[in-house]
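A short worksheet on the structure shown next.
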Amino acid sequence: MSCIRCGDVTEESAYLCEVCASTLFQDPLFLFPPSILGESIVERLRHQAAAMLRLGPVSGGDIERVEGQSFLDTISAFNVNKASEKDAENYYKIANFVLSQYGIPLYSDKPKLSLTVEGSRIVAEVAQKINALSARYPKIVLSDVFLRMGLIYWAASRGVLLRAGPVKWCREKRRYTLLRALEFLSKIPKNDDLYSLALKMSGLILLDAGAYADAEDMLSKARKSFPEDMVIVRALAKAHYHMGNVEEALSLTEMALSVAESADVWYEKGEYLKRLERFEEAIAAFEKAISLDRSFVRAYKSLIHLLRETGRTEEAEKKEADLKLAMEPGAAAKLEELLAAETMMPAEEAAAKARREPLLGVRKKEVPKKVDDAIREANRALTSGDFDTAIELLKNRLVEMKGWDPATLILLTRAYLYNGQFEQAKRIVNQLLKKDKDSAAGWYWLAKIENSMGKWGAAIQHLDRAIRLLPSFVDAFTEKGLILLANKKYKEAEETFAEALRFDSRNARAWLGRAKALAGLDRWGAAIQSIDIFISLIPDSREGWLFKAELLLEKNRYQDAERAYAKYLEMEPTDSKAWCGRGVALQSMGLTDDAGKCFRKCLELDPGNERAKHWLKIISGGGSSG
């Protein structure tokens, strides 16, 4: 392909050669491309000597006034080399005003700016001066300006020029603009009111750059300041998805849907379900997205592809027809182009793929490959308890993969662990951690092995490491809480379960564990609340109803305890101890006859139960309840 500017041959089907692209990179009209061509109304009025303020892309009042001249003269005239600290502080204030005047908001979730031609030139000039001042006086910080600068460089990374040049050149320049954005945001101090916004924007930029682990860390911190912000929740879901933690991504997406439904969120849910091979649910999610937005081309495309992949050709053809009808007139040709994307020229396809690769992969994470038949069969064997079969399948799979495949190693570790072969399980997971020390899943399973071998202290250390690597690793928090609970560390256990629930408020295991930890701390009111939430999540849990019944009986709430025992015994009628407990509750309520029936049922199931014998003796008048 030839360069559209100079005619020279370009690399990788690029529209511009590297020389032309580098030349245009210096032009603010390309670095910060205008959305509105021509001079702004502000510039035209100033040429006529009018004293106006905030009549550009951002409208406002006319209380404050400025001289009738372009801001470009004032901005350009400032000499950075001769500026004192005081001059720098004043310039920051001027720059903040000018940037807001020309349509640069204080914060945005998306790197989109609407600039005039004049605005593009002034924004570029301001950015150049602030770059020099921040290097010369690093201690001077005006958070408003630095937030705007972060957004400016983030928007620049999406400019048309960085999609038109050679792939390598585009990636280098895009990496440069994103790093500049992150650098300005990182200068905002933690005690500043705008620090939480800087965290949020940094997380979104890192996600945009493909640095998913760092994005997850930054967004998790920002979420503490904005717990109800569904933009952060969805961004966290995408980060987890790309790190391979698809279940967590799905959980977060469902949380976002519980707050507000939108076509985009349903589409994202469909993609996550598809990765988990829950195809029917994925199809339903894509259809829901389309029902909310009849012109949602990506949702149609994903749905059509999935229907064809699952052999439902007729339905796919109907959806193609629906899409053509739903789209505006003349858009059918665009649909055909999208559906025929696989016919792209090899060089163009390779270039497009390279442009999509992550730019700031600070911490590399293994992205799970498509699950093959061996993995699927091994999973089925694990689920059914046929551990020997699972082990054989996974060992063969590992040989095929030349000894290295994270998904297979994790599954094999689980199979050995569940089969009671702790040493073999430990050897396999260590094989994973030897090559990938940042595998949170690896440290999690090593902790479970150590705990099974009675080394609960080492297990806690491994779980702490997994949590450091993946701060929202709910299963790691929950497992840590259960280990602490088993070793009667009730306070630490309760705090750990609370952390798990902060990330996943519907985690049933964490609610049950927290209830038991609170009971151990004698906070029985909070314990009852926690066990009630657990039961609302799993209404048929035998363990939940029995724990609730025993706790209520211990606290002399006999009527509630009796009801809980009754519910439990519907599910587990052969539990002699529960019959005895129900009998004690009934006797304490004065229902002697019903209590006697329960004690006799207990002795029928367990003739040696001394407690039941003791209470029957009391009922018949042969002793005291003390």
7 Å from Cα along Cα→Cβ at both Gln431 and Ala135: what's the point-to-point distance in nm? 5.1
Using the Kirkwood formula on the Cα atoms of the range 163-245, what hydrodynamic radius do you get, in angstrom to one decimal? 13.4
For the range 72-185, alpha-carbon Rg and Dmax in angstrom: 14.1, 43
Other residues with Cβ under 10 Å from the Cβ of Leu551 give, with Lys and Arg +1 and Asp and Glu -1, a net charge of +1
The range 181-199 versus the range 487-532: alpha-carbon centroid distance in Å: 35
Rg over Rh [alpha-carbon atoms, Kirkwood Rh] for the range 500-570: 0.97
Extension gain, Glu604 back to Gln26 (0.36 nm per residue minus Cα-Cα distance, nm): 199.0 nm
How far apart, in nm, are two points set 7 Å out from the Cα along the Cα-to-Cβ line at Leu537 and at Leu179? 4.3
Gain on full stretching of the segment that runs from Ala260 to Met453 - 0.36 nm per residue minus C-alpha separation: 64.9 nm
Theoretical FRET efficiency, 1/(1+(r/R0)^6), r = Cβ-Cβ of Arg308 and Lys488, R0 51 Å, to 0.05: 0.35
Burial order of peptide ranges 412-418, 454-460, 139-145 (average beta-carbon count within 10 Å, highest first): 412-418, 139-145, 454-460
Under a point-charge model restricted to the Cβ atoms of Lys and Arg (+1) and Asp and Glu (-1), what is the dipole moment magnitude of the range 556-626 relative to its Cα centre, in debye to the nearest 20? 160
Using the C-alpha atoms of the range 484-626, what convex hull volume per residue, in cubic angstrom, is computed? 109
Using a cut-off of under 11 Å, list every residue of the range 375-396 whose amide N is near the label point 7 Å from the Cα of Glu247 along the Cα-to-beta-carbon line. none
Suppose R0 equals 41 Å; then what is the FRET efficiency for Lys577 and Glu423 from their Cβ-Cβ distance, rounded to the nearest 0.05? 0.65
Lys and Arg at +1, Asp and Glu at -1: neighbours of Arg136 with Cβ under 12 Å from its Cβ sum to +1
Using a Förster distance of 25 angstrom, determine the FRET efficiency expected from the C-beta separation of Leu591 and Trp524, and round it to 0.05. 0.55
From zero outward in steps of 10 Å, how is the percent of C-alpha pairs of the range 373-555 spread across the bins? 10, 31, 32, 20, 6, 1
How big is the range 556-626 by Rg and Dmax over its Cα atoms, in Å? 11.2, 34
Just to check, using Stokes-Einstein with a Kirkwood Rh over alpha carbon pairs, what's the diffusion coefficient of the range 227-319 at 20 °C and 1.002 mPa s in µm²/s? 162
One finds the C-alpha centres of the range 433-459 and the range 273-287 to be spaced, in Å, by 32
Does anything in the range 121-139 have its amide N under 16 Å from the 7 Å Cα→Cβ label point of Asp87, and if so which residues? 129-138
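The numbers here are math on the coordinates, done by the rules we state, and not lab data. Owing to the predicted nature of the structure, the values given are computational and were not obtained by experimental measurement. In this analysis, Cβ positions are derived from the backbone assuming ideal geometry, glycine residues included, and neighbour counts consider all displayed protein chains.
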